[in-house]
1. Evaluate peptide A:85-92: per residue, the Cβ atoms of other protein chains within 10 Å of its Cβ; return the mean as an integer.
2. Can you tell me which of A:156-165, B:103-112, A:64-73, B:40-49 comes out highest on packing, and rank the rest after it, using the mean Cβ neighbours within 10 Å?
3. What 222 nm value per residue comes from the helices of chain A, counting each DSSP H run with n ≥ 4 as -39,500 (n - 2.57) and dividing by all residues, nearest 500 deg cm²/dmol?
4. Spelling out what I want: for every residue of the stretch B:8-15, take phi, set θ = phi - 60°, compute 6.51 cos²θ - 1.76 cosθ + 1.60 (Karplus), and round to whole Hz; glycine and proline get x.
5. HN-Hα J couplings of the stretch B:178-189 from phi, Karplus 6.51/-1.76/1.60, θ = phi - 60°, integer Hz, Gly and Pro as x?
6. Among A:L13, A:L103, A:L266, whose mean-square fluctuation peaks in a Gaussian network model of chain A (Cα, cutoff 10 Å)?
7. Among A:221-227, A:130-136, A:118-124, how do they line up from the highest to the lowest mean number of other beta-carbon atoms within 10 Å?
8. With a ≥ b ≥ c taken as the square roots of the eigenvalues of the C-alpha gyration tensor of chain A, please select rounded if a/c is under 1.5 and otherwise prolate if a/b is larger than b/c or oblate if it is not?
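We did not get these values from a lab; they are worked out from the coordinates using the rules stated. What you see is a predicted model; the values in this text were computed from it and never measured. Cβ placement follows ideal geometry from the backbone for every residue including glycine, while neighbour counts extend to all protein chains displayed.
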Amino acid sequence: MTTLRQRLVPYGLMGPGLLWLALFFVVPMFFMAWFSVSSGSLEAGWSLTWTFSNYTDAISNYTTQFGRSFLYAGAATIFCLLLGYPLAYAIAFKAGRWQNLMLFAVIAPFFTTYLIRTIAWKTILEDSSPVVSFLKTIQVLPSDGRVLATSAAVIAGLTYNFLPFMVLPLYASLERLDLRLLEASKDLYASATQTFFRVTLPLTAPGIIAGVLLTFIPAVGDYVNATFLGGVNQSMIGNVIQAQYLVINDYATAAALSFTLMIIILIAVMLYIRFAGTEALMGDEEEASA
Amino acid sequence: MTLWQRLKDNATLYVGLLVVFYMLAPIAVIALFSFNDPTGKFNFEWVGFTTEYWANAFDNQEINDSLWLSIRLAFFTSLGATILGTLIALALVRYEFFGRKAANLLIVIPIATPEVVIGAALLSLFVYASASLGFTTLLIAHIMFSISFAVIVVRSRLIGFDRRLEEAAADLGASPLTTFFKVTLPLLLPGIAGALMLTFALSVDDFVISNFNAGSSVTFPLYIFGANQRGIPVQVNVIATMLFLVAVIAITFVILQQRRAEKLVEKRADDDNKASVAIPI
């Protein structure tokens, strides 16, 4: 028999934490929405004027940066998947005594500061660096070409920085794979390629989707890689939002841009949650059976 | 087995090792350039070897101040987020209640939101409320984005929790509070320690959200961002390498502890099997 008091226990436990999230995640979204349809300036103050043209202006002025963000983040996500899947597969099935070392390598970047890692790439891709000279020697790059301040550099940086977010969910889903299914497929005369595309890949789809979301979402809003590795022609929507908020102090435009970005991503996540549930993003499949 | 056959069988492993090299190369570059002796103020080109900056790692007052701020911030963030997160995890795993879906959603959505949006939204709130930006706003923001991660780590530990141990304590006459502090909490400790470490690391590393809500406070990542224009001192590489080594030592220690605990559990499970008592779960 549960008394009212007992039924209130979970609310008491969750209360403080969820209140924090409500106050400092949900409520700020409303204020951002408020700014996005306001007009004014830092000096004169801001007032709610329901200026929806903030949105149309912001989107039409920064279509290029929006497009670039989705293009770069999309490319980085594809590269992460192409690099991450073999790595996760190798760690799960082929690594043997290398397994722990390889897992360590995946999380090692987290032990150094994000900014310093990105600056390390700047060092690697500097105009006079050995890597760039090598690329010039093998004629991949013209002798006056450079790697920094190109789209390629920004995409490479994004790929590097978000690769662990792809590998970890992939590894988790590969590790759970029932190996007997692969044997069954082999017994039924499927080739290795057939087995991979018709058994392994579909069964690890939840891991792929989680990895894609966890890579794409932070990449699309990122402005660190574009700042350090790109030039003026590589600026992404994150750079614009940052500059509008912190340099130009045009809160209305900045809020309209952030809100647009948020809504696009929210729609994608909602579709995903409908499809896969919150469990895969929370890190495990089995729901609590309390 | 021919060489070709062997290459083919291990192809994925070789590709995997190449990717590992890709992951570790920048870290090696950071460590290498902590021994560089740059001629100008920019530390991008290799000039010559010196241990000078390791000897004078903490000579730069600006770096020290920012590092100290980051450490204090991360300390309070990890404490706050882990306490709030553990309580949420307990509620989610242990109780059936109305609104579970909404609670799950509120925890997942911040993870699925780009940092730039979180930072911008918080700044909107602070600007609207005319709050002065500084340590307090940073702490509010850092706890906010860390809670979800703390919940996930503690939750995964709670799901594998043997509740019979708590029942045993209750059978032996322990009050719910005694049971919590003497049984539940010690068993949860690895999860809590994991959450503390993860949220500490997230806080120390955070740049984007801090960029929006720091005001004139300068955390370590914010210092690096600012210094980028005028040249980053070699000490930054030294400190980054130190932090990396500390993290590696800490994680090795945790893994070794965990292995010991797992071996202990395996041994006990074996003993249980020998007694051939089948306990229905």
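1. On the way: counts 4, 9, 10, 3, 4, 11, 5, 2.
Mean number of neighbouring Cβ atoms from other chains: 6.
2. Highest to lowest by the protection proxy: A:156-165, B:103-112, A:64-73, B:40-49.
3. Details: 15 runs with 194 residues, N = 290.
So the calculated ellipticity at 222 nm is -21000 deg cm²/dmol.
4. Whole-Hz 3J(HN,Hα) from phi for the stretch B:8-15: 5, 5, 9, 3, 4, 4, 5, 4.
5. Coupling constants for the stretch B:178-189: 4, 4, 4, 6, 9, 10, 4, 4, x, 6, 7, 3 Hz.
6. A:L13
7. Result, highest mean Cβ count within 10 Å first: A:221-227, A:118-124, A:130-136.
8. Numbers: a/c = 2.16, a/b = 1.11, b/c = 1.94.
Oblate, because a/c is 1.5 or more while a/b does not exceed b/c.
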